[in-house]
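Read the structure below first, then the notes.
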Amino acid sequence: MIDLRSDTVTRPSPGMLQAMMQAKTGDDVFGEDPAVNDLEARCAALFHMEAALFCASGTQTNQIAIKCHTQPGDEVICDADAHVYQYEAGGIAFNSGASVRLLPGDHGRITAAQVAAAVNPDDVHKPASTLVCIENTSNRGGGSCYDFEALEQIQKVCAARHMGFHLDGARLFNALVARGETPGQYGQLFDSISVCFSKGLGCPVGSVLLGSKPFIAKARRFRKVLGGGMRQAGILAAAGTYALEHHITRLQTDHAHATAIAGALEHCSFVENILPVATNIIIFETSGHASDLVAKLREQGVLCNAVSANRVRFVLHLDVTGHMVDQVLEKIRSI
Ligand SMILES: Cc1ncc(COP(=O)(O)O)c(C=O)c1O
C-alpha cells in the first residue's frame, strides 16, 4: 500500500530511532529533561523568539495558544477552513469559551482588509476581537502558502487593534522551503507560533509552541491543566531535534513529487479541477463521488482521503519514495 492519506502516517527512520534511544532524559514537569530543554532552546533560537514549549500535538499547542491570548466571551478571527475551527473538536469554545469569526479566504488565506473589517467595535453588544489565527501552509487550502507581505499587513492590523497574532504552522517548514523564507522572519511577526514535528518532519509525536517568556510561562500552566505535562519526554524531543537536522531540506522532494502527480492528474478524465499545488498536498475535484474514487484507488494499492463529497486529497511525505510516485502515476493513468 502507498499511503497518501496524510503526512502524519510516517514511521520514525532508523536514524531517528537511534537518536531517540540515545536521548538523555529527566522529568520534564520538573524542567529536568535535557533533551526537551535542548529542543525548546533550539527552536526558540531558530525562530528568534524568547521561549518554547514542547507539547504532545498541534491541537494542544494551538489550543493552549488560544487560551493564553483570549478571555471567555472574546472572539477569534480566522479563515473558514482553519484547522483550529474545523478539526479541533470545538476546542475554541470548549477550552477558551470564545466565539469565532470565520472569513472566506483564498485557499485558506485571509487578507489584512478582511481582518480589519471583521474586528468588532468597542461596543457592549459585541464580543471583543482579541486574536487572529493564521494557518501556513493551509491544509484545506491544498497546502497553499501566504505571501510574506500579506502576513506583514495582517500583523499591522493586529498591532494597531491590540490583538494577538497566532500562527498555526503545523506545516510551516513546507512553506519556508517552498518560499525560501527563514524561521526568524516568522518569529518577528507573530506573538505565538505552533510548529508540528509529526507531519512533514517525520516524527512520531510532538509540536512546539513559541512565544515570549511570560507567554510560554502561562502556556506551561495551561499545558498542565490539559494533562499535557509529560515526564521523560526527551525520547520524543530527541526525534524533533533529529528532524530539525535531517528532514527540512528534503521537503523539496515531497513538493516535487506532489507537482509530478498533479501534472499527471491534469490529463485524467475523472479529474474536474486541481487546486494550485504549492507544497506537499494535492486536492482535486472529481467528476463522480470522491469516496468511489478513494475506494478504486485503494483496490489499486493507493490510500488517500476524501475531504468533501467531490474532493480527494493526496499528501506526500518522507515515506513515499520516487519509485512509489512512479507507481502512483501509472495507477492514476490507468483508471
Ligand atoms: C494545519 C494543522 N494544524 C494543526 C493540526 C493538529 O495537529 P495534531 O494532529 O498533532 O493535533 C493539523 C493536523 O493535521 C493540521 O493539519
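Readers should treat all values here as calculations from the given coordinates under stated rules, not as data from a laboratory. None of the values given here were measured: they were computed from a predicted structure. Cβ placement follows ideal geometry from the backbone for every residue including glycine, while neighbour counts extend to all protein chains displayed.
Think of each Lys and Arg Cβ as +1 and each Asp and Glu Cβ as -1; about the Cα centre, that makes the dipole of the chain roughly 520 debye.
Diagonalising the gyration tensor over the Cα atoms of segment 177-322 and scaling each eigenvalue by 5 before taking the square root yields semi-axes of 35, 18, 16 Å, largest first. In terms of its alpha-carbon gyration tensor, segment 1-101 comes out oblate; a/c meets the 1.5 threshold, while b/c is at least as large as a/b. Taken one residue at a time, the phi angles of segment 248-254 give Karplus couplings (6.51, -1.76, 1.60, θ = phi - 60°) of 8, 5, 5, 4, 4, 5, 4 Hz. Gly and Pro are set to x. Isolated cysteines of the chain, defined as having no other cysteine beta carbon under 4.7 Å away, are Cys43, Cys55, Cys68, Cys145, Cys158, Cys196, Cys203, Cys268, Cys304. Comparing segment 46-198 with the 2.2 N^0.38 Å rule of thumb, its C-alpha radius of gyration ratio is 0.96 (two decimals). Oblate is the label for segment 114-250, because the ratio a/c of its alpha-carbon gyration tensor axes (a ≥ b ≥ c) is 1.5 or higher and a/b is not greater than b/c.
Pairwise inverse Cα distances across the chain, averaged and inverted, put the Kirkwood hydrodynamic radius at 20.5 Å. Taking 0.36 nm per residue of sequence separation and removing the Cα-Cα distance, the Ser308/Glu330 pair yields an extension gain of 5.4 nm. At q = 0.22, 0.26 Å⁻¹, what is the log10 ratio I(q)/I(0) for segment 250-334, with the Debye formula run over Cα points and no solvent? After summing over all Cα pairs, the log10 values are -1.07, -1.50. Lysine pair count for the chain with Cα-Cα distance under 17 Å and sequence separation of 8 or more or different chains is 5. Between Val124 and Leu17, the contour length at 0.36 nm per residue exceeds the Cα-Cα span by 33.0 nm. With neighbour counts taken as other beta-carbon atoms within 10 Å, the residues His166, His125 rank, fewest first, as His125, His166.
Positive-end ranking of Met230, Leu176, His162 along the dipole of segment 12-246, with charges on Cβ about the Cα centre, is headed by Met230.
Between Asp27 and Leu102, the distance separating the two model label sites (each 7 Å from Cα on the Cα→Cβ line) works out to 4.5 nm.
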